[in-house]
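This report concerns only the one structure given below.
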Amino acid sequence: TGWGGARVFARVLDRDGGVVSRLDLGDNEIAASGANALAKAVAASASLTYLSLRLNPKIGDEAGAAVLDAVTDSGGTSMRELDVSACGLGPKSARALARLLRSNRTLRRIDASGNETLGAGDAGRAIADAVCGLNDAVLEFDVRGSGFNEGDVARITDKTLDNAEAEEEREGEREDSD
């Protein structure tokens, strides 16, 4: 697909009115310009439930932030899974991810592993604070190899485990009421 292919796909997604629900563009050599084009289409999509950009390190911090902001701007009402592992994300993307986590209540699984500077310092704390705030939706959050300190990893892990346990309890209650 490459960066040109990502731009073409973004035009198709935009023209289709966002009827795509799952999009896996992992390991396609997408560069920043392709990710920026894709971000515009994602912002307009109301039906995207799964987005994977994994293993596209040329996306980088700034374009990665644009994609994360686009998910937030779309209302994120349908997004359930997001994979931005090994995309070259850093502090700017971390701030965008924290905003997304503070506003989104449908995102269940996030893979942000392999982004070496994403969770470093205050950025990691901001993400952990967002997960540990009012967000009861995130059930899995992979931050391995992303520069988070042990304390932030422990907070994220504890919160996602609590969320998963609460989700299981709600499922059990629903089954009992049927």
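Build a GNM of the chain with springs between Cα atoms under 10 Å apart, and of G147, G34, G133 the one that fluctuates most is G133.
Residues whose amide H comes within less than 5 Å of that of A120, counting only those at least five positions distant or on another chain, are absent (H built at 1.01 Å from N in the peptide plane).
With all protein chains in place and a 1.4 Å probe, the accessible surface of region 24-75 carries 49 percent carbon and sulfur. Within the accessible area of region 86-134, the carbon and sulfur atoms contribute 53%, probe 1.4 Å, all protein chains present. The Rg/Rh ratio of the chain, with both radii computed over alpha carbons and Rh defined as the Kirkwood radius, is 0.99. To the nearest 10, the accessible area of E81 is 60 Å² with a 1.4 Å probe.
A viscosity of 0.692 mPa s and a temperature of 37 °C, combined with the Kirkwood radius over Cα pairs in Stokes-Einstein, give a translational diffusion coefficient for region 52-144 of 261 µm²/s. Accessible surface area normalised per residue over the chain is 48 Å², counting heavy atoms of protein chains with a 1.4 Å rolling probe. Taking Lys and Arg as +1 and Asp and Glu as -1, the other residues whose beta-carbon sits under 13 Å from that of A126 total +3.
Sorting L55, L107, L134 by accessible area puts them as L134, L55, L107; the probe is 1.4 Å, largest comes first, and only protein heavy atoms count. The fraction of all Cα pairs in region 111-178 landing in successive 10 Å bins from 0 to the largest distance is 22, 45, 20, 10, 3, given as whole percents. For the pair region 87-132 and region 133-168, the centres of their Cα atoms are 11 angstrom apart.
Note: relative contact order over the chain, using C-alpha pairs below 8 Å and six or more positions apart, is 16 percent.
The values are calculated or read from the model by the stated rules, or taken from the named source; none is laboratory data. Note that this is a predicted model, so its numbers are computed, not measured. Backbone-built Cβ (ideal geometry, glycine too); neighbour counts: all protein chains shown. Accessible surface is based on the protein model in full, side chains and every heavy atom, while ligands, DNA and RNA are left aside. Shrake-Rupley method; radii C 1.70, N 1.55, O 1.52, S 1.80 Å.
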